Amino acid sequence: MLPTREETARIVICEDDQPTLELLSDHLSADRFGVLAAPTAADALRLCHYDDPDLLLLDLGLPDAAGMDLLREIRNPDRSANPADPGIGVIIVSGRGTEQDRVRGLNEGADDYIQKPFSYGELLARINSVLRRRRRSHPLLRVAEIEINDVEHTVKVGGKHIRLSMKEYALLKILASEPTRVYSKEELLQEVWGYRSTGHTRTLEAHCSRLRRKLDPKRGRYVVNCWGVGYRLVGP
Ligand code: CA
């Protein structure tokens, strides 16, 4: 069985322009994200509080409040009657794009800022990048039956502890931060070993096959080899 919830993040789209909201909802659903539509700031706040989303796409000009105030509310949960998870990622998607706007948005706690009109491809890349960063800094990471605890540096599979070397652990953490993405061998070597050349792929291959055996000795379902390209944690 492949993971359901863990594979696709949940995204609140706070956008009062109906065509833009629909377009984003359609595209993101097609890319297997869970989509929660919020045409007002109040909707967005409610969804962030009750539906435990991973990311908020935030328009600044909203009918019932300024997007920047909503951002402040989300980033200062102490002040809020309905606090959202402070770990939620926020990307501002706005028609305003002066340097001042961007600086203000980032200072208020947005992870990224993208100006309208935008290309969907670029937005998607930024969404994935924010989610990846957020997941890597989160102490508990779950993918299917794998559970990584980054505070204790422990890994459980199906509730049972397994022992990993430092490098295997580092490798797993990277693969798990975006479980269905194929990481190229160069990328993995660079991130785990700091190699700039591609001359050490055997080391990587050996670690990957050991990690695969340790995670699932019988069926080897994890650390999928995408021949000629690299590795992903779980199949598509
Ligand atoms: Ca607007």
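The values are calculated or read from the model by the stated rules, or taken from the named source; none is laboratory data. In this text the structure is predicted, and so the values were computed from the model without any measurement. Reconstructed Cβ throughout: ideal geometry from the backbone, glycine too, with neighbour counts over all protein chains shown. The protein model used for the area step is the full one, side chains on, heavy atoms only, and it has no ligands, DNA or RNA in it. Shrake-Rupley method; radii C 1.70, N 1.55, O 1.52, S 1.80 Å.
Quick one: pull the percent of accessible area on the chain belonging to carbon and sulfur, 1.4 Å probe, ligands and nucleic acids left out.
50 percent
Hey, with R₀ at 25 Å, roughly what FRET efficiency would His153 and Arg210 work out to, going by the Cβ-Cβ distance, to 0.05?
Efficiency computed from Cβ-Cβ geometry: 0.90.
At what distance in nm do the modelled label points of Gln190 and Asp64 sit from each other, each positioned 7 Å from its Cα along Cα→Cβ?
Between Gln190 and Asp64, the label points sit 4.4 nm apart.
Can you tell me the FRET efficiency between Asn107 and Lys167 if r is taken as the Cβ-Cβ distance and R0 is 35 Å, rounded to the nearest 0.05?
According to the calculation, E is roughly 0.40.
Would you calculate the separation in nanometres between label points at Glu99 and Arg133, each defined as 7 Å from the Cα along the Cα-to-beta-carbon direction?
2.0 nm
Among all the lysines, which ones have a C-alpha under 18 Å from Lys156's C-alpha, if same-chain residues fewer than 8 places away are not counted?
Lys167, Lys173, Lys214, Lys218
Using a cut-off of 12 Å between beta-carbons, work out the net charge of the residues near Arg221 (Lys and Arg +1, Asp and Glu -1, Arg221 not included).
Result for the local shell: +3.
For the range 120-207, which GluC sites (Glu not before Pro) are both in a DSSP coil and crowded by at most 12 other Cβ atoms within 10 Å?
Here the GluC sites (Glu not before Pro) that fit, given the DSSP loop and packing criteria, are Glu152.
Extension gain Tyr50-Arg142, at 0.36 nm per residue separation less the Cα-Cα distance, in nm?
In short, 31.1 nm is gained.
How large is the direction-averaged shadow of the alpha-carbon convex hull of the range 140-232, in nm²?
With the hull built on Cα positions only, its mean projection is 5.7 nm².
Can you work out the accessible area per residue across the range 7-66, with the rest of the protein chains kept in place, probe 1.4 Å, in square angstrom?
On a per-residue basis, 42 Å².
Roll a 1.4 Å probe over the protein chains and send me the accessible area per residue for the range 85-236 in Å².
Per-residue value: 53 Å².
Within the range 146-171, whose backbone N sits under 16 Å from a point 7 Å along Cα→Cβ of Arg181?
Only 171 pass the distance filter.
For the chain, calculate the relative contact order in percent as a whole number, restricting contacts to Cα pairs under 8 Å that are 6 or more residues apart.
13 percent
DSSP beta bridges in the chain, what fraction antiparallel, as a percent rounded to 5?
50 percent
Let me know the Rg and Dmax you get for the range 10-137 when you use only its Cα atoms, in Å.
Both quantities, over Cα of the range 10-137: 13.2, 36 Å.
Which aspartates and glutamates, if any, have their Cα less than 13 Å from the Cα of Lys185, not counting same-chain residues under 8 positions apart?
Hits, sequence-local ones excluded: Glu205.
Given the convex hull of the Cα atoms of the chain, what is a quarter of its surface area in nm²?
Computed as one quarter of the Cα hull surface, the answer is 14.3 nm².
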